[in-house]
Amino acid sequence: MRPDKDFDVIIIGAGPAGSACAYTLAKQGKDVMLIERGDFPGSKNMTGGRIYSYALEQLEPGLTASTDLERCVVHEQVMVMAGGRSIMLDYHDPLFNPENGVPQSYTVLRSKFDRWLANKAESAGVNIVCGIRVDDVIKENGDIIGVIAGDDKMICDLVIAADGVNSLMAQKAGLIGDIRAGSMGLGIKETIELPSEIINQRFNLKENEGTARMILGCTDGIRGGAFLYTNNDSISLGAVYSPEDIQKCGKPAHRLFQELKMHPAIYPLITDGRTVEYAAHLVGEGGYKARIAKPYQNGLLVIGDAAGFVMNMGYTVRGLDLAILSGIAAADAYLSEQDSRKTGPVYVSELEKALLPAMRAVEKYHQVMQNSSLYTEYPQMAVSLMTGIYTVDAPGTASLKTLTKQTLKANHFSWRKAAKAIWTVVKSS
């Protein structure tokens, strides 16, 4: 512990990871400074439209019930598009919203949720300053002992970087270099305001029930996908595209996104809505292998998506829960070991208990999702097969086996290739 310190801990970034960390530390009496570059917590954050409640309950039992969340997700949907056609799998489970228990997950609006969680931390004693950019870290004998923000220098026991994807602090500490191709996606998200009763009608929802939908085959062959979440009085519609593929195809991302909005399966859901938010951002896509393998330096820990704690499994995306867990892990590490040269290894041990096994379990998913056929041939074959099944224009009816053979042949796809594709997915799961 440094005798000349201004704070015990300085946290950069008031997203879920930073605020969860700050809240945990402040409740234990630590002197914490939380610095946010935006005008208020959540003002610059657009990624993430859903949170799993178990993470909030780990932060503090009972916290979910007092949080400013949107709708409880009871419909898990996967949609496949090809041209103007689409298929949708809808898994409805009322048990996700138990009558006397904590619902499994909620849709969220980051501008509301991040501000609420930061206010929670502030009420516990955290000093929060907004509209401040941290420019650099202060080093002493190779160890990080504070931060520089404009003309201000602040000394502390520990700096925690929660400054988002492509973390500037992690770069300054020498933990990451340039962005690696394939590890990032370009995300676009639009929040479209609609009356609650209209959303209920269009998505077949009861009051406070919500839908989370993942969409494949909507990116014009570009690696990526889309998502849709229903909020109380709005819909969050977004898409993520491979920057490399966008560059090759020459079509701007905003045009691709506009085409998604105009799709016959999407437009009726958002028509007459009013856009209240539109933003674009880099998002982590690499999963376990793209995380920062050593998320610490003497005097510095990296948490949240700054450390690459994001999982995209295709059928769902997890980031906010991992952000909160990593924030708790960092706080627990400092509370148990305040020697800045020992805090990092303790933090990794906490991560191993909190979230790394879950990330390792799906680490090969990213490799599977690099298969370009997922975005071209497979959606086309799926909807072609459905067309064959449901088209009735002659007395004779082809069997499902015949239709499948015809679909594979029409798409120049052999049984052997299909079996290989299925085996690849099985091996990765």
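Just add up the charged neighbours of A239: K/R +1, D/E -1, any other residue whose Cβ is under 14 Å from the Cβ of A239.
Here the charged neighbours net out to +1.
If I ignore ligands, DNA and RNA and count only protein heavy atoms, how much of Y288 is accessible to a 1.4 Å probe, in Å² to the nearest 10?
In the full protein context, Y288 sits at about 30 Å².
Not counting ligands, DNA or RNA, and with a 1.4 Å probe, what is H263's accessible surface area in Å² rounded to the nearest 10?
For H263, the solvent-accessible surface is approximately 20 Å².
Among [x] 21, 49, 29, 1; [y] 25, 53, 19, 2, 0; [z] 26, 57, 17, 0, only one was calculated for this model; which label is it, if the read-out is P(r) over Cα pairs in 20 Å bins from 0, in percent?
Recomputing P(r) over Cα pairs in 20 Å bins from 0, in percent here gives the entry labelled [y].
At I292 and E193, where each label point lies 7 Å from the Cα along Cα→Cβ, what is the point-to-point distance in nanometres?
3.8 nm
When the solvent-accessible surface of protein heavy atoms is calculated with a 1.4 angstrom probe, in what order do K401, K27 fall, highest first?
Largest accessible area first, the residues go K401, K27.
Could you let me know the centre-to-centre spacing of the stretch 116-136 and the stretch 210-273, using Cα atoms, in angstrom?
One Cα centre to the other: 33 Å.
Per q in 0.14, 0.16, 0.17 Å⁻¹, report the Debye log10 I(q)/I(0) for the stretch 1-141, using one uniform scatterer on each alpha carbon and no solvent.
Log-scaled intensity ratios, in q order: -0.75, -0.89, -0.96.
Provide the net charge surrounding A398, with neighbours chosen by a C-beta distance below 15 Å and charges set as Lys +1, Arg +1, Asp -1, Glu -1.
+2
Relative contact order (percent) for the stretch 175-300, with alpha-carbon contacts under 8 angstrom and 6 or more residues of separation?
39 percent
Put D135, D178, D321 in order of accessible area, largest first, 1.4 Å probe: what do you get?
I get D178, D135, D321, largest accessible area first.
Run the helix sum for the chain: -39,500 (n - 2.57) per DSSP H stretch of 4+ residues, divided by residue count, reported at 222 nm to the nearest 500 deg cm²/dmol.
-10000 deg cm²/dmol
Where Lys and Arg each count +1 and Asp and Glu each count -1, what net charge lies around D6 among other residues with Cβ under 14 Å from its Cβ?
Residues near D6 contribute -1 overall.
Set the Förster radius R0 to 22 Å, insert the Cβ-Cβ distance between C130 and Q338 as r into 1/(1 + (r/R0)^6), and round the FRET efficiency to 0.05.
0.20
Short version: ³J(HN,Hα) in whole Hz for each residue of the stretch 197-206, in order, from phi by Karplus 6.51 cos²θ - 1.76 cosθ + 1.60 (θ = phi - 60°), x for Gly and Pro, what are they?
Residue by residue, the stretch 197-206 yields 5, 5, 4, 4, 5, 6, 10, 6, 10, 8 Hz.
As a test of reading the structure, rank Y54, Y390, Y296 by solvent-accessible area (1.4 Å probe, protein chains only), most first.
Y390, Y54, Y296
Do the alpha carbons of any pairs in K5/K342; K112/K189; K364/K401 sit beyond 25 Å of each other, and which pairs?
K364/K401, as the Cα separations exceed 25 Å there.
If you take the C-alpha gyration tensor of the stretch 67-223, multiply each eigenvalue by 5 and take the square root, what semi-axes do you get, largest first, in whole Å?
Each semi-axis is √(5λ); the values are 40, 24, 14 Å.
The values are calculated or read from the model by the stated rules, or taken from the named source; none is laboratory data. All values derive from a computational prediction rather than experimental measurement. With ideal geometry, Cβ positions are generated from the backbone for all residues, glycine too; neighbour counts draw on all protein chains shown. Side chains are part of the model used for accessible areas, which takes the heavy atoms of the whole protein and leaves out ligands, DNA and RNA. Shrake-Rupley method; radii C 1.70, N 1.55, O 1.52, S 1.80 Å.
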